[in-house]
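Structure first, commentary second.
The values are calculated or read from the model by the stated rules, or taken from the named source; none is laboratory data. Predicted model only: the values in this text are computed from it and were never measured. Every residue, glycine among them, receives a Cβ derived from its backbone with ideal geometry; neighbour counts consider all protein chains shown.
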Amino acid sequence: MSENANLTPEPDAIAPEFALRDEDGRLNPEWMGELQAALEADDAEGVIGLMSPLHESETGDVIESLPHDERVKLVQMMGETFDYSALTEVDDSVRIDLMEALPNSEIAKGMADLDSDDAVYILEDIEEDDRNEILAQMPVFERLSLKRSLDFPEESAGRRMQTEFIAIPPFWTVGQTIDYLRTNDDLPDDFYQIYVVDPAFSLLGTIPLDRILRVQRATRISDIMNAQVREIDANEDQEEAARVFERYDQVEVAVVDESKRLVGVLTIDDMVDVIHEEAGEDIHRMVGIGDEDISDSVWDAVKSRVTWLAVNLATAILASVVIGLFDATIEQMVALAVLMPIVASMGGNAGTQTMTVTVRAIAMRELDSYRVRRLILRELLVGVANGVIFAALIGVVTWLWFANPLLGTVIGVAMVINMIAAGTSGILIPLALDKMGADPAVASSAFVTTVTDVVGFFAFLGLAGLWFGLY
């Protein structure tokens, strides 16, 4: 962790009048109001007084809740007191957006105090030219260490590992080891075990810290080390590395390169993040929304969802073609019965996408009053955008299929209406269920599907009845 995280405000700094979080654990609007007032007044002392006591994860929550301009201003006003490790706690889109707005020289200074795994996590999303410029301004040892980690594949153990660790030879005694730990100032901030290596840095064994404290000083390290060690290849996928931690209840595991030399360590805090990320990705993939975060822009959200919705449009048309095979049994306007499942199906899938993002955000406690309002507005705009896109597509298909441009217009308008309803119900229903104490992950799907089906059928058949005079 950065040394900046230990800084405290000056005695005369403004003390916050309100707590950071309310009783439900969400960001307190009064506290956020104080911070935004200090930012608007260019009161650096007040900003530092409010932010310095926060943990890095709390700082990340605050950053995500602020608009872009205020995020940048917050970091710049805090100066050297800002802990850059907080950027590992924010959504990717927020971090990238903030990094693009800050000078590279300022980023390089903030990176200097970070653990290597945190620094790599931030640097890997920065454009290569900017990344090289940042690295060039860092001390030689740190620069080479970070470059080596960045050479490993994305989402690999090598990218996640921390290159700060303690390695000793097997012929040392416990006394020598303890004296080394007491006198060496260049040690990791947190560590759980010591690694025993040969001159080529091949891993021979490990020693937990508690074992070091329980034996006599004259005891040789080779006599008490654990020779049955688990190690992870630096090129191994991070998800597989997380499974090693889960399966064997590990707290810290060595990372080795292709030559079996010790190059870093993975710690449980990083693996918890990996498990969190991978679980979120799996949930998102189930409904085809990629790696979208709640902080993404409207356009990014549209791009991440439009592909799966296009696939669903094709399958919905196929289902309608099958229904059309039985048109002899339909007494009134065959086209309506053939086309109406498309509207309901598209709305149902759009609602499920929004619902999944919302349920996950609720489960992870990512939603506060600021982000809820922003998310609702975004989903409304996403619904309008997707509605217009697919209204145009299905309108043209309907026109060509039935040689009836008015019918294409009717289904297009119904599609827009149902997409808006899907986006709104996909976020409001889980929030309402959570407010009432019900589990939104279990109950939301049925309600959202019902809304999209009812709205879709009503909008399509109602508009058709009015425009074609079927009533």
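Odds and ends about this structure:
- Breaking point among (1) within 39 Å of the chain's Cα centre (by Cα); (2) surrounded by 13 or more Cβ atoms within 10 Å (Cβ to Cβ); (3) not charged (D, E, K, R), for Asn184: (2)
- When Ser445 is tested against (1) in a helix (DSSP H, G or I); (2) under 27 Å from Asn28 (Cα atoms), just one condition goes unmet, and that condition is (2).
For (1) hydrophobic (A, V, I, L, M, F, W, C); (2) over 17 Å from Val255 (Cβ atoms); (3) in a helix (DSSP H, G or I), each residue gets a yes or a no:
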{"position": "Gln176", "(1), (2), (3)": "no, yes, yes"}
{"position": "Asp179", "(1), (2), (3)": "no, yes, yes"}
{"position": "Asp189", "(1), (2), (3)": "no, yes, no"}
{"position": "Val196", "(1), (2), (3)": "yes, no, no"}
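- Checked against the criterion of being surrounded by 18 or more Cβ atoms within 10 Å (Cβ to Cβ) and modelled with pLDDT under 90, the candidates Arg71, Arg26 yield just one match: Arg26.
- Residue among Ala19, Ala37, Ala112, Ala15 that is among the small types (Gly, Ala, Ser) and at pLDDT 90 or above: Ala37
- Taken over the stretch 401-419, the residue count meeting the criterion of being modelled with pLDDT of 90 or more and farther than 17 Å from Pro341 by Cα is 0.
- Of the criteria (1) more than 27 Å from Pro153 (Cβ to Cβ); (2) at pLDDT 95 or above; (3) touching a helix residue (DSSP H, G or I) at 6+ places or on another chain (Cβ under 7 Å), which one Arg220 fails: (3)
- Within the stretch 215-234, tally of residues that are surrounded by 11 or more Cβ atoms within 10 Å (Cβ to Cβ) and more than 39 Å from the chain's Cα centre (by Cα): 7
- Residue match in the stretch 380-392 (condition: without any contact (Cβ under 8 Å) to a residue 24 or more places away in the chain, buried (at least 18 other Cβ atoms within 10 Å of the Cβ) and either in a helix (DSSP H, G or I) or out of contact with any helix residue (DSSP H, G or I) (no Cβ under 7 Å at 6 or more places or on another chain) (or both)): no
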